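Remarks on the structure that follows.
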Amino acid sequence: MDMDLKGDLVSLDAELLQLSEVSPFALKANPYLAQELFEQWLSLPEANRLVKSLVNDAKEGVPLNVPGNASSPNASTSNSVPSMFPAGSAPPLSPRSSSGSPRITKQRAGPSSLGSPLKVLSEPVKEMIPQFYFQNGCPPPKELKERCLFRINQFFYGHTDGLQIKEFKAVTKEICKLPSFFSTVLFRKIDVNCTGFVTRDAFVDFWVNGYMLTLDLATQIFTIMKQPDRRYLKQDDFKSVLRELLATHPGLEFLQTTPEFQERYAETVIYRIFYYINRAGNGHLTLRELKRGNLITAMQHADEEEDINKVLRYFSYEHFYVIYCKFWELDTDHDFLIDKENLIRYGNHALTYRIVDRIFSQIPRKFTSNVEGKMGYEDFVYFILAEEDKSSEPSLEYWFKCIDLDGNGVVTRNEMQFFYEEQLHRMECMAQEPVLFEDILCQIIDMIGPENESYFTLLDMKASKLSGSVFNILFNLNKFIAFETRDPFLIRQERENPTLTEWDRFAHREYIRLSMEEDVEDASNGSAEVWDESLEAPF
């Protein structure tokens, strides 16, 4: 019997001997010592009886109950494996810190279900990873869902047939926390069958069960406005929202008697949104672009502010007034198109012919007018925003494309000189003291500080706060002269209002000028009531 056991247990793991008095490293370093110790252990009467008992139990099919088996709850700690050393005679282990002790750091797998103390199988533990991706959005927490349902029940109480569109604004504002002028588009998004009613169950299915409740505000607005088969917003998607804004905002109430100007206002707001937000310039406004921009904040501001002119981003009526009147001044035949000769008059002939040629070559942006050699109203909005606020990134990209003659992504000395030559000629014609290009180039290098002084990149331009002045030096004579003779009073004003952009200051000045001119015209006509649409400006 003893020989049989020894033959079956030739292969052993030194750690499975469970000899607490001997270091496992000592046994692994000397396998012959481990074999001798194992044979000596088998020769002990207690060990022999234990092994025989285990073998007999295994033959009879009795569940094994061995010392050290973590799977046996009834295992007794008193039936320990007989020790190789007499009590108290075990040699001391070398002192180790708790962090470096292999007894502490090494996790030994528990015995397998076979119950053998000499051969233990390591069983992998399956760790449950909680779901972190939800295709339709994260489900709302139970508490948030219950609180929302309670509020929904309050608003829909007594309306068994559902809410009509005029009653739905409170739901949009109070429950969805959306700007109130999203009421109509949200109503129609839920009322897919055009019944004229939104029931409680339909709203719960869309807002709560559709997981809209847990989305961020930008994603909610994007989802509500976009068409089901698209992953982006187009200009037409904003029209219904702006129609409701025009119909409900107290600051735009005066436009209700002139629907043609309501339409122009809405178009201008949309063009401004896409100019600043749609950085790809493809007319497809993505969710990523929407989140990176400031449109959501501007929408919330417009919903809370009664004076629409205080909403400087996108929605200001005064800004629309300036843009439209500037376009009207240039469009002498009022066919809603502008040619080169019209645009050259912009800003009291401030621009050079060479830069106007580049604009009409459609290098910075393709025209949407679909008329050869003509710029439409949308194209003009992009132009005037780029011209009057050269501190913005869209403007820097617009003008960089204009002066990058070969389109290789860098502006060289020769390309700058090409545009500055006309500026120099104009200064001579105006009896201004000419500034040589070599001097101007040194000044530009100091202003921009490019990585390589032999050329300028778009990144160089974006990294400098004086890039707009560089463009003015090259092709806008009036602003170039103004830059050379800067008024300290204006500089102090800019520092006092750092939140105002160049466009904000320009629009404010121009609105005052245009308003005064209109007052003078009204006074000269003898009545503010006189209106000749064919001759006068549209306001």
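The values are calculated or read from the model by the stated rules, or taken from the named source; none is laboratory data. Because the structure is predicted, anything quoted here is derived from the model rather than measured. Positions of Cβ are generated from backbone atoms using ideal geometry, with glycine treated the same way; all protein chains shown enter the neighbour counts. The protein model used for the area step is the full one, side chains on, heavy atoms only, and it has no ligands, DNA or RNA in it. Shrake-Rupley method; radii C 1.70, N 1.55, O 1.52, S 1.80 Å.
Can you give me the long-range amide H partners of Leu233? Hydrogens built in the peptide plane at 1.01 Å from N, cutoff under 5 Å, separation of 5 or more residues or another chain.
Those qualifying (amide H under 5 Å, at least 5 residues apart or on another chain) are Leu285, Thr286.
Taking 0.36 nm per residue of separation and subtracting the Cα-Cα distance, what length does fully extending Asp57 through Ser515 add?
Result: 154.3 nm gained on full extension.
Which value results for Rg/Rh of the range 163-250 when Rg is the Cα radius of gyration and Rh the Kirkwood radius based on the inverse mean 1/r?
Answer for the range 163-250: 0.93.
Among Gln154, Ile165, Phe181, whose Cα sits farthest toward the positive end of the charge dipole of the range 142-190 (+1 at Cβ of Lys/Arg, -1 at Cβ of Asp/Glu, about the Cα centre)?
So the residue furthest toward the plus end is Phe181.
Would you mind computing, in nm to one decimal, how far apart the modelled labels at His284 and Tyr353 are, each placed 7 Å from Cα along Cα→Cβ?
So the two model labels end up 4.1 nm from each other.
Mind checking which lysines have their C-alpha under 22 Å from Lys52, skipping anything on the same chain fewer than 8 residues away?
Output for Lys52: Lys6, Lys119.
For the range 314-329, what does the Karplus curve 6.51 cos²θ - 1.76 cosθ + 1.60, with θ = phi - 60°, yield as ³J(HN,Hα) per residue in whole Hz, taken in order and with x for Gly and Pro?
6, 9, 4, 5, 4, 5, 4, 4, 5, 4, 5, 5, 5, 5, 5, 5
Accessible area per residue for the range 129-280 in Å², computed with a 1.4 Å probe and the full protein assembly in place, what is it?
55 Å²
Using 18 Å as the Cα-Cα cut-off, could you pick out the over-long pairs in Lys401/Lys462; Lys310/Lys465; Lys226/Lys291; Lys226/Lys310?
Listed pairs above 18 Å: Lys310/Lys465; Lys226/Lys310.
Taking 30 Å as the cut-off for C-alpha to C-alpha distance, list the pairs among Lys189/Lys390; Lys173/Lys326; Lys340/Lys479 that go past it.
Over 30 Å apart, Cα to Cα: Lys189/Lys390; Lys173/Lys326.
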